[in-house]
């Protein structure tokens, strides 16, 4: 009975009920975070051409979208802001009346059962499009940037963020933010660190959505080299030592090996970001009839969770929640 013909692994694949009974990885909408792009206005739902089905939203529409996500059991949202004006010091990122700060207050007034996470970076707010302070030679300066990231995090926490998620990939950013939050009496606000964020070709559609493309150069001097995996574990270890409550790998699908390695080494909550290019590629193939979009999207999400992610940031959050509900109902 140690092998064929006594052992027949197909026995437990014979019916949908049997397959469901022994399924090792199960998707739960409560573990999804839906990224949302917010800009000034009212009643605004501006389509993003490179990300079909996604929109830039005004604060009132973010609240509307959040209600729909909560109704479908999605765990939370991640906010990205598009300011009315930009400058070299990213002042819109930490302004008390900034676009994300206003949206946070509206979400908190709505009192929805969602975790409200806010991306902390400067690229959407700087006139040069880089993630930090830039000197006269175009170099991104690490330590002066920490002050602005910390200031931004405090401003967002004061406006109601449950979690701040630093994504600038500056050395020491988590420690600087943790110190600033604690000093401001915001010790309850959690930090989800973009610990292993790669300089990826899959970010293209996001840069259109958030108007955050760098005006010169690229971000390879601070985001991670896609060839490196061991370095990602060093980044994660460093962020946890600085006070991160949870860590993230970004992108997700091209870096499943990194997610697995992080899961095996660390016990902190682990997130993975299925980024804009991953979403856009699947949607484009689905629109052309090359793949079954529903099946492929759910398979991709399953692979991310199977690799070890506890939380998945995904633009499929609302759709996937609907698909999961339908499958449970036999639809």
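The values are calculated or read from the model by the stated rules, or taken from the named source; none is laboratory data. No experiment lies behind these values; they were computed from the predicted model shown. All Cβ positions, even for glycine, are placed from backbone atoms using ideal geometry, and neighbour counts span all protein chains on display.
Being on the phi > 0 side of the Ramachandran plot and at pLDDT 95 or above is the filter here, so list the residues in region 281-331 that pass it. Passing the criteria: 289, 308. Every test in (1) more than 21 Å from residue 314 (Cβ to Cβ); (2) surrounded by fewer than 12 Cβ atoms within 10 Å (Cβ to Cβ) is passed by residue 18 save one, and that test is (2).
Take the residues in region 204-225 that are modelled with pLDDT of 95 or more and under 18 Å from the mean Cα position of the chain (by Cα), then tell me which one is surrounded by the fewest Cβ atoms within 10 Å (Cβ to Cβ). Once the filter is applied, the top-ranked residue is 223. Being surrounded by fewer than 17 Cβ atoms within 10 Å (Cβ to Cβ) and either free of Cβ contacts under 8 Å to residues at least 24 places away in the same chain or at negative phi (or both) holds for only one residue in 92, 88, 75, 81, and it is 88. Note on region 213-331: enclosed helices (runs of 4 or more DSSP H) holding 1 or more residues that are in contact with a strand residue (DSSP E or B) (Cβ under 8 Å, 6 or more places away or on another chain) and under 23 Å from residue 171 (Cα atoms) are 230-242, 256-265. Does residue 112 count as in contact with a helix residue (DSSP H, G or I) (Cβ under 7 Å, 6 or more places away or on another chain) and over 18 Å from residue 40 (Cα atoms)? Considered against the rule, which asks whether it is in contact with a helix residue (DSSP H, G or I) (Cβ under 7 Å, 6 or more places away or on another chain) and over 18 Å from residue 40 (Cα atoms), residue 112 comes out as yes.
For region 163-179, the set of residues classified as within 12 Å of the chain's Cα centre (by Cα) and closer than 12 Å to residue 196 by Cα consists of 166, 167, listed by residue number.
Consider region 148-157 and keep the residues that are more than 17 Å from the chain's Cα centre (by Cα) and without any contact (Cβ under 8 Å) to a residue 60 or more places away in the chain. The one that is farthest from residue 123 (Cα to Cα) is 157.
Go through region 47-68 and give me each residue that's surrounded by 16 or more Cβ atoms within 10 Å (Cβ to Cβ) and within 24 Å of residue 285 (Cα to Cα). If the condition is that a residue be surrounded by 16 or more Cβ atoms within 10 Å (Cβ to Cβ) and within 24 Å of residue 285 (Cα to Cα), then 48, 50, 51, 54, 55, 56 are the ones that fit. Test residue 150 against the stated conditions and say whether it is under 20 Å from residue 35 (Cβ atoms), surrounded by 23 or more Cβ atoms within 10 Å (Cβ to Cβ) and touching a helix residue (DSSP H, G or I) at 6+ places or on another chain (Cβ under 8 Å). It is false that residue 150 is under 20 Å from residue 35 (Cβ atoms), surrounded by 23 or more Cβ atoms within 10 Å (Cβ to Cβ) and touching a helix residue (DSSP H, G or I) at 6+ places or on another chain (Cβ under 8 Å). Take residue 149 and decide whether it is touching a strand residue (DSSP E or B) at 6+ places or on another chain (Cβ under 7 Å) and farther than 21 Å from residue 244 by Cβ. Against the criterion (touching a strand residue (DSSP E or B) at 6+ places or on another chain (Cβ under 7 Å) and farther than 21 Å from residue 244 by Cβ), residue 149 does not qualify. Of all residues in region 187-209, those being touching a strand residue (DSSP E or B) at 6+ places or on another chain (Cβ under 8 Å) and closer than 26 Å to residue 175 by Cβ number 12.
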